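Undergrad: Let me give you the structure first, and then I'll get to my questions.
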Amino acid sequence: MSTRLEFEVVPGKQGMRLDVFLADSVSGISRSYAQKLIKDGAVSVNTAPEKASYRVRAGDTVCVALPAPIPDIVLPERIPLDILFEDEHLIVINKPRGMVVHPAPGHSRGTLVNALLEHCHDLSGIQGTLRPGIVHRLDKDTSGVMVVAKSDVAHLSLAKQIKDRTVTKTYLAIVKGNFREDVITVDLPIGRHAADRKKMAVNALKGRQATTVFSVLERFGGHTLLSCHLLTGRTHQIRVHLAYIGHPVIGDLKYGKGSEDFPITGQALHSAALKFVHPIDGRQLGFTAPLPQDMKRVLAILRQKKMGASETWSG
């Protein structure tokens, strides 16, 4: 549980940078950690978010929500895993929707890392004790295939492949609205949202290049099933791009309007396929994860409605 602290800027501290003010006011935190808190949206000035470079003014009210400390050692937990492939160097799993990948404030137990530590006992230590073996991640409410490194050599190779964009990632998404184009490439930079630091947004000035190719698999009139091919790997990239062009993912509470009464908790987004080169023997590997049952149910409802509308029209 987070701890909320509130400070009023006194005349003697006016003109200080916000990150410097926080490091000076909150015992035990560094300026770099203050910058992280600001970036994560945990800090507000007069109830509004500000940048780390903001110069505080006399009378300003600065609020900070300090996250609960995370234990330095993550405990193994006996949690079932859907393993698609495993050898001494890596493990490929089908992550269920609702599972957090690694421990974070509010999620110290029940994560994929907790499960992997129980199953593997030997994950790469490059990402530290909280993220052992993690070379890429999926959002909590995104399901599907992902790879985890069991050795440092494998970790470095997989990380380089991701950086060099030689890893192929394909997702399936059910979105709001009817796509007119069969294939569309969205090439729009993504950066931190200006008003909500916990969200990402298309940001032409401060965003990083982000490219996604969307291909229509099936149309339902008011909704569309898409194949999404990532050419870059920005945070929330698919969800941000789709929301920006007016086709938010069904169930996406952060960038859309939720489930629209469909039987799904979380966004209808699934990591369906992953291709990469084995870090040790050089084999080209490819893995697929079947569509989860909740997305299958949504598609069944949409197909039934589509068939009903067709029968009504033809009659």
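The values are calculated or read from the model by the stated rules, or taken from the named source; none is laboratory data. Predicted, not measured: the structure shown is a model, and the values here were computed from it. Cβ: placed from backbone, ideal geometry, glycine included. Neighbour counts: every protein chain shown.
Undergrad: Of everything in the range 117-149, what is among the charged types (D, E, K, R) and more than 21 Å from Pro96 (Cβ to Cβ)? Give them in sequence order. Give the steps one after another, and end with the answer.
TA: Going residue by residue through the range 117-149, those that are among the charged types (D, E, K, R) are 118, 122, 131, 137, 139-141.
Across the range 117-149, the qualifying residue is only Asp122.
Undergrad: Would you point out which residue out of Gly128, Gly133, Gly144 is in contact with a strand residue (DSSP E or B) (Cβ under 7 Å, 6 or more places away or on another chain) and modelled with pLDDT under 95? Steps first, answer last, please.
TA: Values: Gly128 fails: in contact with a strand residue (DSSP E or B) (Cβ under 7 Å, 6 or more places away or on another chain); Gly144 fails: modelled with pLDDT under 95.
Only one candidate passes the filter, namely Gly133.
Undergrad: If you go through the range 153-185, how many residues are part of a loop (DSSP other than H, G, I, E, B), buried (at least 18 other Cβ atoms within 10 Å of the Cβ) and over 18 Å from the mean Cα position of the chain (by Cα)? Write out each step before concluding.
TA: First pass over the range 153-185, keeping only residues part of a loop (DSSP other than H, G, I, E, B): 164-167, 177-182.
Cutting the leftovers down to buried (at least 18 other Cβ atoms within 10 Å of the Cβ) gives us 167, 179.
Of the ones still in play, those that are also over 18 Å from the mean Cα position of the chain (by Cα) are 179.
Total meeting the criteria: 1.
Undergrad: Restricting to the range 1-48, and then to whatever is part of a loop (DSSP other than H, G, I, E, B) and in contact with a helix residue (DSSP H, G or I) (Cβ under 8 Å, 6 or more places away or on another chain), can you tell me which residue is farthest from Ala65 (Cα to Cα)? Before the answer, list the steps.
TA: Pass one, the range 1-48, residues part of a loop (DSSP other than H, G, I, E, B): 1-2, 9-10, 14-16, 26-30, 40-42, 46-47.
Next, only the ones that are in contact with a helix residue (DSSP H, G or I) (Cβ under 8 Å, 6 or more places away or on another chain) stay: 9, 16, 26, 29-30.
Values: Val9: 17, Met16: 20, Val26: 11, Ile29: 13, Ser30: 15 Å.
Out of the qualifying residues, it is Met16.
Undergrad: Sticking with this one: Among the numbered criteria (1) buried (at least 17 other Cβ atoms within 10 Å of the Cβ); (2) over 30 Å from Leu253 (Cα atoms), which single criterion is violated by Leu138?
TA: Here Leu138 clears every test but (2).
Undergrad: Quick check on the range 257-269: of everything there that is under 15 Å from Thr224 (Cα atoms) and out of contact with any helix residue (DSSP H, G or I) (no Cβ under 6 Å at 6 or more places or on another chain), which residue is surrounded by the most Cβ atoms within 10 Å (Cβ to Cβ)?
TA: Residues of the range 257-269 that are under 15 Å from Thr224 (Cα atoms), as a first pass: 259-260, 262, 267-269.
Then keep just the ones that are out of contact with any helix residue (DSSP H, G or I) (no Cβ under 6 Å at 6 or more places or on another chain); that gives 259-260, 267, 269.
Values: Ser259: 18, Glu260: 15, Gln267: 31, Leu269: 28.
Among those that are under 15 Å from Thr224 (Cα atoms) and out of contact with any helix residue (DSSP H, G or I) (no Cβ under 6 Å at 6 or more places or on another chain), it is Gln267.
Undergrad: While we're here: Which is in contact with a strand residue (DSSP E or B) (Cβ under 6 Å, 6 or more places away or on another chain) and not polar (S, T, N, Q), of Arg57, Arg97?
TA: Values: Arg57 fails: in contact with a strand residue (DSSP E or B) (Cβ under 6 Å, 6 or more places away or on another chain).
One residue alone meets the criteria, Arg97.
Undergrad: With the checklist (1) loosely packed, with under 15 Cβ neighbours inside 10 Å; (2) part of a loop (DSSP other than H, G, I, E, B); (3) in the same structural domain as Ala149 (by TED's automatic domain parsing) in hand, flag the one item Ser53 doesn't pass.
TA: (3)
Undergrad: Then there is this: For Ile79, state whether it is among the hydrophobic types (A, V, I, L, M, F, W, C), within 22 Å of the chain's Cα centre (by Cα) and part of a helix (DSSP H, G or I). Explain how you work it out, then say what you get.
TA: Working: among the hydrophobic types (A, V, I, L, M, F, W, C): yes; within 22 Å of the chain's Cα centre (by Cα): yes; part of a helix (DSSP H, G or I): no.
Spelling it out, it is not the case that Ile79 is among the hydrophobic types (A, V, I, L, M, F, W, C), within 22 Å of the chain's Cα centre (by Cα) and part of a helix (DSSP H, G or I).
Undergrad: Quick one: which strands (runs of 3 or more DSSP E) sit completely within the range 186-280 and have at least 2 residues that are modelled with pLDDT of 95 or more and not assigned by TED's automatic domain parsing to the domain that holds Phe85?
TA: Details: elements: 190-192, 200-202, 211-219, 223-230, 269-277.
Fully inside the range 186-280 and qualifying: 200-202, 211-219, 223-230, 269-277.
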